[in-house]
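Here the structure comes first, spelled out in C-alpha cells, and everything after it is commentary.
The values are calculated or read from the model by the stated rules, or taken from the named source; none is laboratory data. Everything numeric in this text was worked out from a predicted model, so none of it was measured. Note that we place each Cβ from the backbone using ideal geometry, even for glycine, and neighbour counts take in every protein chain shown. When the accessible area is computed, the model is the full protein with side chains, heavy atoms only, and any ligands, DNA or RNA have been set aside. Shrake-Rupley method; radii C 1.70, N 1.55, O 1.52, S 1.80 Å.
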Amino acid sequence: MPKHDAFYKPQEDGKGWIRSWLFTHDHKRIGVLYLYTILAFFLVGMTLGGVIRFELIRPGMNLMDAQTYNVLFTLHGVIMIFFVVIPSIPATFGNIFLPIQLGADDVSFPRINLLSWWMYIFGAILIVCSLFTGGGPPDTGWTFYVPFSEVTSTNVNLAVFAVFILGFSSIFTGLNFVTTIHRLRCEGMTWTRLPLFVWSLYATGWIQILATPVLAITVLLVMVERFMGVGMFDPSKGGDPLLYQHLFWIYSHPAVYIMILPAMGVISDIIPVFARKNIFGYKMVAFSSLMIAFAGSLVWAHHMFTSGMSDFAVLVFSFLTFVVAIPSAIKVFNWVTTLYKGSIYTDPPFWFALAFIFLFSVGGLTGLILGSAGTDIYVHDTYFVVGHFHYVIFGGLGFGFFAAMHYWLPKISGRMYNCKIAKWSCVILFVGFNWLYFPMLLLGLQGMPRRYYDYLPEFEPLQYASTLGSWVLLAGLLIMFVNILYGTWKGKPVEDNPWGGETLEWKIQAPLPHENFEEEPTVTAGPYEFSDRGRGNAC
Amino acid sequence: MNQPINPVQQVDFAFYVIFGISIVLLFGITLIALFMVYRYHHERHPKPEKLKDNVWLEVVWILLPSLLVMAMFYYGWIGFKALRSVPEGAMQVDVVGRMFDWSFEYPDGKRSNVLYVPVDTPVRLNITSDDVIHSLYIPAFRIKMDAVPGMDTYAWFQPTELGSFDILCSEYCGIQHANMLSTVEVVSRADFDEWLNSSTKAQQNAVALFENYGCTSCHSLDGSRGSGPSLLNLYGTKHVVVTPDGTEKTIVVDKQYLREAIYDPNKLITKGYPAVMPSYKGQISEEELAVMIGWMTGEIEEKPDGKAVMENNGCLSCHSTDGSIIVAPSFKGLWGRDVVLTQGETKVSKKFDAKVFENILRHPEIVKEGDWNVMMPVYDSFTPEEIEAMAEYLKTLAVDEEEQNRENQ
C-alpha cells in the first residue's frame, strides 16, 4: 500500500513553511511544537540545576553570590514546574496520540489547542522579560510565599503574571482533552476499551480544569496586593500569610498529579505491550487514576504541617494523604502482576518503564514519611523533600516521559533510534539519578534545610557526592537526547507497529500521516488483547 | 512520677516503622519485578498465558496498602501529638525570627541570640516573626515550627544531655537564609541559673543598678544633696568619717572604701550624715558591685555599646558596615549623607543625622531610597541611651568628606 505523506511534510495548501507550523490546527503538529519547546526549556532548567549543584559542591562561595544562587533556584523551579513538567506528557504525546487512540481526526477544539501553545510561548516571553526588567529576576522560590514575595524588590510581578498566563494554557489543554474523550470516541470505543493512557489524561484534564483557576486567582491576588496595597496576605496590612499557602497548595498539590498521572498512563500502556499480556485489573488501574485525581485534590495542606495551622487540620490532612497513597500502590502492584506469565520483550521503552517503577516507588515511599505528621515535622523543608519530589517528578514523570519518547517517537517520525545506546543511556541515567538524589534524602535526615546557599561542614560529604552524581546524570541525558534525536532524523525506517501494540495509533502508518484515518475505525476489543503469536524483533 | 515520654523517641519510632515497611516493600517490588522479567522473558516463555481477572488478588492489592498506610498514619500521629503536648510548668522562652537572626527572650526580660536551656527541663518556645516567614528548626529535638509575622506559634522540647545543638532557619527568607543559624546550649541547672542571673545583671548598666537597689533614693547621681552623699564625683575626694566608737579621721574615697561602705556601711560614716544605711552584703553581687564602683571611678562607661546593640538586634545582618550591599543600604558612609525620605506625599532629601536616624527606627516606611523596598520592621523599644549609642557608632562609620573628595579627584 503506498504511504501517505508524513504529517510533518509540507502540504500543498499554499501556506508557507513557518505559517504551516506556527498556525497549524493539526494536533500532531501542535504536539511537535510543544515537544521541541519543552525540550528547549528542559535543557535550560537542567543547566540551571547543574550550576546550582556545582555551587553546592563545597561550603562557601564557589561560583556565584547568594543572591544569584537564590535567583537560579527560583528560575530552576519555575521553568521546570511551569514550563516543562506541567505541560510535558499531555501537551506533547497526549496531543499527538489522544485523538488517534480514540479514533478521532483531531481534538474537539483545534484552534483552542493552538491558542494554548501560544499562551505557553507568551508566558515564556514574560518570564524571559522578568529577568531583565524591574528589580532583577525573582528570588522567591517557585512557591512565591508571602510576605517575602511582597517585600522583595525583585521582579515578582512579571513572573507571577507569566504563571497566570501559563495557567490558562494548561486549562485549555485540559478542557480540550476532557471534551474530546467525551465526544469524539469512535464506534465501539466504550469507556472500558479506552487505553489507560487516555484514562490518565481524562483524570488529569479534570484537575487542570478545576484546580488551575485557583492558582490564577492566587497570583492575581498577589499582584493586587503588590500594586494596590490591599491587605490580603500581608499581616502588617491585616492579611493572613497562611491564606496564601492554602490557596497556593490547593492548586499546586493537585498539580503534582497533573504531572505524574500521564506518566502512569504511559507506563500502563507500555507494560502490557512489552509483556504481550492484558493489564492486570484494567478497571482498578483506570479507576485509581480518578481516585488519585479526586483524593489528591483534598490533601494540599500536608505542605503546611509546620505552618502554624491547627493540630486538627494536621490530623485530617495527614489522614487524607495516606488515603491517596492507596491508589498509587494499587497501580504499582498491578503493573508488577501484569508481568506474571507474560512473554516479555526487553526493548528500550520497557527498560525506562522498569526504571520508572523503581524510582517512583522510592518517591512514593519517601512521601509516606512526609505524609506522617510526626516525621514530617523533622524533614519538612529539608533536602529530604528535595530528594523526594525529584524522585517523584523526575524519576516518575521524567522517566515516564523518556519511556514515552522511546515508545512513540519511532511511530511519529517513522525512524528508529539505536536501541543499544538507548539501553546504555537508561542505565547511566538510572545510576546518575540515584547518585544525585539519594544523598539528598540522607542530607534531609541529617537535618539540612533546603534552599541553602551555604551549609555547615557536616553536610559536605553528601553534598559533594550529590554533585558528582549530577555529572553522571547529565552525561546520561546528553547521550539519550543525542541518540533519540539523531534517530528521529536519520535513523533507519521503522515498520508501522514495531512493538506489536493493539491501540489504534499502531494501526495507522509510521510516520504519522496528515489525516489520522482514511475512514473512521471501529473498535471491537479491549486495548491490550494481544494474539498468542510473538512479534518480530523491533530493534 | 508521671514523666512525659520525650517526643524524640516517639517521632523516631514512627521513622523506624515507616522506613521498615518501605524498605521491605521496595525490595519486594523490585526483586519480584526483576524475577518476572527474567523468568518470563520471551526467549524463556514465548507464549503469554491468558489469565482471568483475579478478584481476590485485587482485593488483597487494595487491602494490603490500606492497612499498611493506616498503621503509618497512626504512629506518625502519635509522634506529632507528643510534639504538641507541652508539659505543665515548662520554661517559657519567647522566640522572634527576623532577617536574619533569632532572638530568645526569657521570662525575666533577658535577651540572647543563643538559646541557653537547663538540661532535663521542658522548654516551651513561643514563636513569632518580625518580618517574613521563618522556621525555627532544631534537628536534635525533632522540632520545627514556622515563625509567622502577626501570628503566635509554639514548639517544645526537653533536652536530656548537655551539649550544643544546631538551630537553623528552614523557611526560605531571603539572601542570608543559609546564615540564619544559632545554637541551643544545654547546660546544667546550676550553670543555667548562673548564666541567667549574672548576665542579666551585668547587662544592666550601673545607673539601673543604683535605681533598682534603691540607692538613688538617698544618694543622688547628679551632685544634689540627699539623705546621703551624692555619688557623683565622690571617688577620689577626701572625706571626714566617724567610726562607731566616735573617733573622726580623714580618708580618701578609694575602691576599698566604697566596697566597705556598701557591704558594711556603719563601719565608717561620713560626718554630717545619719548612720541609717543597711548593709547590702548578700544582695548586691560582686559583679554588680564591680559595675557600680566602676561607674563611680569612671572606669566603666555606663553608656551602652552602639555596635553591640546593633549586633544584638540583628541590624547588621541586613546593613553592612564595610560599604558592601547585603539587602539594605550599608551603614558605611550613611552618617551625614543625603537620604531620600517622604514627608506625607512629597519626597524630601535630608542629611542623615541623629534626628533622621531616630525617625527611621520608628517609621522605617518613610525611606524612599533608590530601588530599596523597605522590609525593615519598626524598632520602637530602644532606650534613648541605646539610640544615642547607635548614632555614635554610625558617626564612626561616616565617610570623611575630604578623604572622599581626594579620592574622587
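How much net charge surrounds A:VAL273 when only other residues with a Cβ under 13 Å from its Cβ are counted (Lys, Arg +1; Asp, Glu -1)? Once all neighbours under 13 Å are counted, the net charge is -1.
Peptides A:324-333, A:488-497 ordered by packing proxy, namely the average of other Cβ atoms within 10 Å per residue, highest first: A:324-333, A:488-497. Across B:TYR38, A:TYR528, the residue with the most accessible area heads the list, and the full order at a 1.4 Å probe is B:TYR38, A:TYR528.
Computed over chain B, relative contact order equals 10 percent, with contacts defined as Cα pairs under 8 Å that lie 6+ residues apart. For the residue pairs A:LYS28/A:LYS507; A:LYS507/B:LYS52; A:LYS331/A:LYS423, the C-alpha atoms sit more than 23 angstrom apart in A:LYS507/B:LYS52; A:LYS331/A:LYS423. Rounded to the nearest 10 degrees, the inclination of helix B:7-39 to the longest alpha-carbon principal axis of chain B is 30 degrees.
For the stretch A:222-280 and the stretch A:80-98, write down the distance between their C-alpha centroids in whole Å. After rounding, the separation between the Cα centres reads 15 Å.
Computed over chain B with a Gaussian network model linking Cα atoms closer than 10 Å, the most mobile of B:ILE251, B:ILE133, B:ILE366 is B:ILE251. The angle separating the long axis of helix B:189-203 from the principal Cα axis of greatest extent in chain B is about 50 degrees.
Over chain A, DSSP H runs of length four or greater, each weighted -39,500 (n - 2.57), average out per residue to a 222 nm ellipticity of -21500 deg cm²/dmol.
Only Cα pairs under 8 Å and at least 6 apart count here; give the relative contact order of chain A as a rounded whole percent.
This gives 17 percent for chain A.
Between B:PHE13, B:PHE73, B:PHE141, the Gaussian network model of chain B with springs among Cα atoms under 10 angstrom shows the greatest mean-square fluctuation at B:PHE73. Expressed as a whole percent, how much of the Cα-Cα distance distribution for chain A exceeds 41 Å? Percent of Cα pairs beyond 41 Å in chain A: 19. Residues A:TRP351, A:TRP17, sorted by accessible area with the largest first, give A:TRP17, A:TRP351 [1.4 Å probe; ligands and nucleic acids excluded]. Dipole orientation for the stretch B:1-118: of the candidates B:HIS45, B:LEU25, B:VAL86, B:HIS45 has the Cα lying most toward the positive pole (charges on Cβ; Lys, Arg +1; Asp, Glu -1).
Relative to the Cα centre, what is the charge dipole magnitude of the stretch A:388-539, using +1 at the beta carbon of each Lys and Arg, -1 at the beta carbon of each Asp and Glu, and rounding to the nearest 20 debye?
Working: 11 positive and 13 negative charges, 117 e Å.
In total the dipole reaches around 560 debye.
Can you tell me the dipole magnitude for the protein assembly as shown around its Cα centre, using point charges on the Cβ only (Lys, Arg +1; Asp, Glu -1), in Debye to the nearest 20? Mind showing how you got there, number by number?
Numbers: 65 positive and 87 negative charges, 827 e Å.
Dipole of the protein assembly as shown, to the nearest 20 debye: 3980 debye.
Volume per residue of the convex hull around the Cα atoms, evaluated for the protein assembly as shown, comes out as 197 Å³. Averaged over the residues of peptide A:325-337, the number of Cβ atoms from other protein chains lying within 10 Å of each residue's Cβ is 5. B:GLU299 contributes an accessible area of around 120 Å² to the protein surface, as traced by a 1.4 Å probe with all chains present.
Note on surface exposure: A:VAL51, A:VAL482 rank A:VAL482, A:VAL51 by accessible area, highest first, 1.4 Å probe. Looking at the stretch B:206-297, I'd like the Rg to Rh ratio, where Rg is from alpha-carbon atoms and Rh is Kirkwood's inverse mean 1/r. Over the Cα atoms of the stretch B:206-297, Rg/Rh equals 0.92. Separation of the stretch A:106-174 and the stretch B:2-79 by C-alpha centroid, Å? The two parts, judged by their Cα centres, are 39 Å apart. In the complete set of protein chains, residue-level accessible area for B:ASP152 is approximately 140 Å², probe 1.4 angstrom.
For the Cα atoms of chain A, what angle does the longest principal axis make with the long axis of helix A:66-78, in degrees from 0 to 90, nearest 10? For A:66-78 against chain A, the angle is about 30 degrees. Mean partner shielding of peptide A:311-317, defined as the number of other chain Cβ atoms within 10 Å of each residue Cβ, is 2.
For the listed peptides A:4-12, A:103-111, A:84-92, a ranking on the average number of other beta carbons within 10 Å per residue, highest first, reads A:84-92, A:103-111, A:4-12. Using a Cα-Cα cut-off of under 19 Å, which aspartates and glutamates could be cross-linked to B:LYS81, ignoring same-chain neighbours fewer than 8 residues away? Once the sequence-local aspartates and glutamates are set aside, what remains near B:LYS81 is A:ASP311, A:ASP376, B:ASP12, B:ASP146, B:ASP152.
Averaged over peptide B:56-68, the number of partner chain Cβ atoms lying within 10 Å of each residue's Cβ comes to 5.
When chain B is treated as a GNM with alpha-carbon contacts under 10 Å, the residue of B:LEU51, B:LEU115, B:LEU64 showing the greatest mean-square fluctuation is B:LEU51.
Residue ranges A:212-218, B:142-148, A:188-194 sort as B:142-148, A:212-218, A:188-194 when ordered by packing (mean number of other C-beta atoms within 10 Å per residue, highest first).
A helix-only calculation puts chain B at -11500 deg cm²/dmol for mean residue ellipticity at 222 nm, using -39500 (n - 2.57) for each DSSP H run of at least four residues, averaged over all residues.
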